[in-house]
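*Asks:* Take a look at the following structure, please.
Readers should treat all values here as calculations from the given coordinates under stated rules, not as data from a laboratory. Note that the coordinates shown come from a computational prediction; the quantities given were computed from them, not determined experimentally. Virtual Cβ from ideal backbone geometry, glycine too; neighbours counted across all protein chains shown.
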Amino acid sequence: MSVKIALAGNPNSGKTTLFNALTGSNQYVGNWPGVTVEKKEGKLKGHKDIIITDLPGIYSLSPYTLEEVVARNYLIKEYPDAIINIIDGTNIERNLYLSTQLIELGIPVIMAVNMMDLVKKNGDKIDIKNLSNALGCEVVEISALKGTGIDEVKEKAVAAAQKKVQNKRVHSFDQAVEDAIDSVSAKLTVEERKKRFFAIKLLEKDTKIAEQMDSVPDCKDEIKALEDKFDDDTESIITSERYAYISSIIGKCVKKNAKGEKLTTSDKIDKIVTNRILALPIFIVVMWLVYYIAMSTVGAWCTDWTNDNLFGDGFHLFGIGSKDYKEASGDYDAASNALDAYGVLVTDDEDAVDVDATKAAIEANTNTEASVKYQMEDEETLDTYDIDVYYSEVPAGAKKDKTNAMSYLDAVEYFNKTEMAEIDPADYGVFVPSIPDLAERGLDKIGCADWLKGLILDGIIAGVGAVLGFVPQMLVLFILLAILEYCGYMARIAFIMDRIFRKFGLSGKSFIPILVGVGCGVPGIMASRTIENEKDRRMTVMTTTFIPCGAKVPFIAMIAGAIFGGSSLVATSAYFIGIAAIICSGIILKKTKMFAGDPAPFVMELPPYHIPTIGSVLRSMWERGWSFIKKAGTIILLSTILVWFTTYFGILDGKFQMLSEDQIDHSILAKIGGAICWIFKPQGWGDWQATVASITGLVAKENIVGTMGILYGGGEGTVYSELAKAFTTASGFSFLVFNLLCAPCFAAMGAIKREMNSAKWFWFAIGYQCGFAYLVSLVVYRIAGLFTGACSFGIGTVVAILIIVAFFFLLFRPDPNKKVKTSKEFLNA
Ligand SMILES: Nc1nc2c(ncn2[C@@H]2O[C@H](COP(=O)(O)OP(=O)(O)OP(=O)(O)O)[C@@H](O)[C@H]2O)c(=O)[nH]1
Ligand SMILES: [Mg+2]
């Protein structure tokens, strides 16, 4: 039979760190209390038959919260063969309270005094021998982080577990209490060694313990006798006896450095960092830095590089040759723009330059206008703008971004010299082709069928690649977050923001996910892990993706450009709408039964600051990053295949077949879009193209632009002019609001599913997001349309007004679950 050893101790004392060291596993460690919320088992390194269990941190064996119940139940139900009691050496006095109770359990206890590196640094001294005598158990000094003393604690614990040697009982309560314990013990039917613990718990009137016992003896008389004698209730009597015992131990065993009376470094840092006035500005600067590094600089470089090169056009190894290549392809583009602007460029079916026909056109050309306008298209937003192309010479003062780099005559010369030979990047330096290019070449070589090629290139690589492209950015973000976590600042952020967030029903810890969500919703949702309160966590998971993430920016820009003349107010308003949606949802949801209830007090001890170790930061980054790649990857893979299939297959001429890009309106997706687009009629944009764009947006929000590009691009004008025809300002904004607030992309939905860990909650979250988006976009269209003349007063307007009234009612009604206390009240209580 295997031997079980449990790790028990106060929150943030280093249990998981020791667990990882003992078992070689990779459980999550963080510098704030309450990281571990479930018990975790692992095998002791080198001993297959010894099972170590990491428990959530507890302050005592009288549990209040769910994870404390988990820990206590494990100890009294599973009865491990030994307990390693980890105590934080820098905070012995408080930690010993639990120790005095663990020793009563009747399980061999080995005490590991952790954080000895810090204790020594502070200059404090702990007399291990005395401590061991005073407690009646073996005591070992360790540093779980630095790895000292771990072997010793391991050996002692294994020996104790195998021999099942009981601790000597050295502590006795007041004689009257001991008599009561004896008297209750005598009535108990449990095993001999467990009797003392159960007797004390019964005397303390612990109802949860009584519920777990087969038969509960009557001990009213003992309790009454004690309460009469001490004129206090039994629980307080026993607690104060424990404290007296602990102070006697501390006096004998712990020598604080005289300097210790002064403020510690952590206290000094906190004086500034959590200062009433400075806290917020410091926080903003820190978060701005995190965001700046992860999203705009390092992270964005990495992600852009991955998207543009690895999944885009390939790259030159070490950048050698890339400058020459850029110059050459710049010349090529400028030449073809100039020729096209003067109407002499002729291309064949495959968009390659037809040399002979172009030559003839140049000779026949009579257009010698000094300059002409030429329309360009922005790659990302599909916005169009004009540039000037000059006939003979580009004037010296011409604006670079508004002028073609080559004049018509120069372009003709270029054409005659090169015959417009395509520029091949492989001719410059060492060129590494992109993954799609490589795959395409490989597939061509083996003569792969067209449909399979399409599936692999347009479906799998394009879809999964788009998501994997985010990985570098996320890894950078995870490193920074891990550093903030390990050093202890995260705990302070939650503390600082709690006062503000509590006003609308979210915990201070909800702020971090929202902030992260501006970059990408997936790490944002995952950052909600740091919220221990389950209801707050669920609500945060549900609302975090209301904020415009990086992938939503292109389609917001597209709507702004095509329908609102490029007004920057549109993009700004998207952020405000996102934040407002989070706040309003917070207020409304908190008043429902599902999210109310527990007062969810913000009780958190601020842990001392630590300098994070590189290993632990990298480990945490990799653990989160990898789980994203793995889980989101599977969901994305399936969904991209599905979307690809429904986009490129359909019934044409009575036959089910693969379609080319200009036949997409016969695709299955178009049929589905056509069948359900009535849903969005009230929103004013119920055509199948917009509906389909919203659906493909579920795969990745970047898809919206691409899909609109294909579906609105077929007509006479540009995509922008077609969009301007298809949407009014009211319906355009309604479309924007819907796609901003509705269910996020599949990757983020995958993250929601995982964090919710329940199908019911997952669907509730998705339903809430979509429903909320639907109602808000309806109101936007009906009300805005009334003012702009896009729609007239009618049933829709009445419905919109009813929605607004209901919304304000939900927002401002008194909270029906009045029991909710503020954290202050809770602490005072
Ligand atoms: N300096 C120092 N820091 C340590 C040591 N052991 C753990 N830590 C740090 O203490 C913090 C808490 O460690 P965890 O292992 O997560 O603590 P825990 O007891 O599992 O905490 P909960 O799961 O919240 O109950 C982390 O920042 C660790 O890096 C140590 O020996 N020395
Ligand atoms: Mg832990």
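*Asks:* With a point put 7 Å past each Cα toward its Cβ, work out how far Ser172 is from Asp333 in nm, to one decimal.
*Replies:* Label at Ser172, label at Asp333, 9.0 nm between them.
*Asks:* May I ask you to list the aspartates and glutamates whose Cα is less than 15 Å away from that of Lys252, ignoring any residue fewer than eight positions away on the same chain?
*Replies:* Glu93, Asp124, Asp127
*Asks:* Under a crude label model (7 Å from the Cα following the beta-carbon direction), how far is Ser236 from Asp304 in nanometres?
*Replies:* 6.6 nm
*Asks:* If you don't mind, another one. Taking a spot 7 Å from the Cα of Ser392 along the direction of its beta carbon, which residues of region 409-430 have an amide N less than 19 Å from it?
*Replies:* Answer for region 409-430: 409-414.
*Asks:* Something else about it: If you fit an axis through the alpha-carbon atoms of helix 220-230 and take the longest principal axis of the Cα set of the chain, what angle between them do you get, 0 to 90°, nearest 10?
*Replies:* Its long axis makes an angle of about 80 degrees.
*Asks:* To continue, here is another question. What area, in nm² and to one decimal, does the C-alpha convex hull of region 653-787 cast on average over all directions?
*Replies:* 9.4 nm²
*Asks:* How large is log10 of I(q)/I(0) for region 513-552 at q = 0.15, 0.26 Å⁻¹ when the intensity is taken from the Debye formula with one equal scatterer per alpha-carbon?
*Replies:* Summing over Cα pairs of region 513-552 leads to -0.27, -0.73.
*Asks:* Right, here's the next one. Figure the gain on full extension for Ala759 and Ser567 (residue separation times 0.36 nm, minus the Cα-Cα span) and round it to one decimal in nm.
*Replies:* 65.0 nm
*Asks:* Using 27 Å as the Cα-Cα cut-off, could you pick out the over-long pairs in Lys45/Lys146; Lys43/Lys164; Lys39/Lys268; Lys146/Lys268?
*Replies:* Where the Cα-Cα span goes over 27 Å, the pairs concerned are Lys39/Lys268.
*Asks:* Another question, if that's okay. Relative to the longest principal axis of the chain, what angle (0 to 90°, nearest 10) does the C-alpha long axis of helix 553-563 take?
*Replies:* 40 degrees
*Asks:* Moving to a separate point now. 222 nm [θ] for the chain, helices only, -39500 (n - 2.57) per DSSP H run of 4+, per residue, to 500?
*Replies:* -16500 deg cm²/dmol
*Asks:* When the Cα centres of region 480-519 and region 98-124 are compared, how far apart do they sit, in Å?
*Replies:* Region 480-519 and region 98-124 have Cα centres spaced 31 Å from each other.
*Asks:* Tell me, what is the FRET efficiency for Lys725 and Phe576 to the nearest 0.05, using R0 = 25 angstrom and their Cβ-Cβ distance as r?
*Replies:* It comes out at approximately 0.30.
*Asks:* Here is a further query. Which whole-number percent is the relative contact order of the chain (Cα, under 8 Å, 6+ apart)?
*Replies:* 10 percent
*Asks:* Would you please name the trypsin sites (Lys or Arg not before Pro) within region 76-185 that are DSSP coil residues with at most 16 other C-beta atoms within 10 Å of their C-beta?
*Replies:* Sparse-neighbourhood loop trypsin sites (Lys or Arg not before Pro): Lys146, Lys164, Lys168, Arg169.
*Asks:* Compute the length gained on full extension between Trp678 and Val798: take 0.36 nm times their separation in residues and subtract their Cα-Cα distance, giving the result in nm to one decimal.
*Replies:* Length gained between Trp678 and Val798: 41.3 nm.
*Asks:* Measure nothing but the geometry: give the 0 to 90° angle between the long axis through the Cα atoms of 489-501 and the longest principal axis through the Cα atoms of the chain, rounded to 10°.
*Replies:* Roughly 80 degrees, rounded to the nearest 10.
*Asks:* Gain in length, Asn365 to Asp437, computed as 0.36 nm per residue apart minus the alpha-carbon separation, to one decimal in nm?
*Replies:* Going from the current span to full extension adds 22.1 nm.
*Asks:* Hey, rough spin-label estimate for Lys146 and Leu618, points 7 angstrom out along Cα→Cβ, what's it come to in nanometres?
*Replies:* 2.2 nm
*Asks:* Give me Rg/Rg_expected for region 539-591, where Rg uses Cα atoms only and Rg_expected = 2.2 N^0.38 Å with N residues.
*Replies:* The value comes to 1.30.
*Asks:* Leaving out same-chain residues fewer than 8 places away, which lysines sit with a Cα under 18 Å from that of Lys255?
*Replies:* Lys120, Lys121, Lys125, Lys129
*Asks:* Write out the trypsin sites (Lys or Arg not before Pro) in region 379-488 meeting two conditions: DSSP loop, and at most 16 other Cβ atoms within 10 Å of their Cβ.
*Replies:* Answer in residue order: Lys399.
*Asks:* So, one more: Starting from a Cα-only point model with no solvent, please compute log10 I(q)/I(0) by Debye for the chain at q = 0.08, 0.09, 0.11 1/Å.
*Replies:* At q = 0.08, 0.09, 0.11 Å⁻¹ the computed log10 ratios are -0.86, -1.00, -1.29.
*Asks:* I would also like to ask the following. Where does region 331-481 land on Rg(C-alpha)/(2.2 N^0.38 Å)?
*Replies:* Region 331-481 yields a ratio of 1.38.
*Asks:* Something else about it: Say a paramagnetic label sat at a point 7 Å from the Cα of Leu637, along Cα to Cβ; which residues of region 443-465 have their backbone N under 18 Å from it?
*Replies:* 452-465
*Asks:* Run the reach check for Lys224 against aspartates and glutamates, Cα to Cα strictly under 19 Å, same-chain hits fewer than 8 apart removed. What comes back?
*Replies:* Asp174, Glu178, Asp179, Asp182, Glu204, Asp206, Asp232, Asp233, Glu235, Glu241
*Asks:* How far is the Cα center of region 282-316 from the Cα center of region 340-397, in Å?
*Replies:* Computed from Cα coordinates, the inter-centre distance equals 35 Å.
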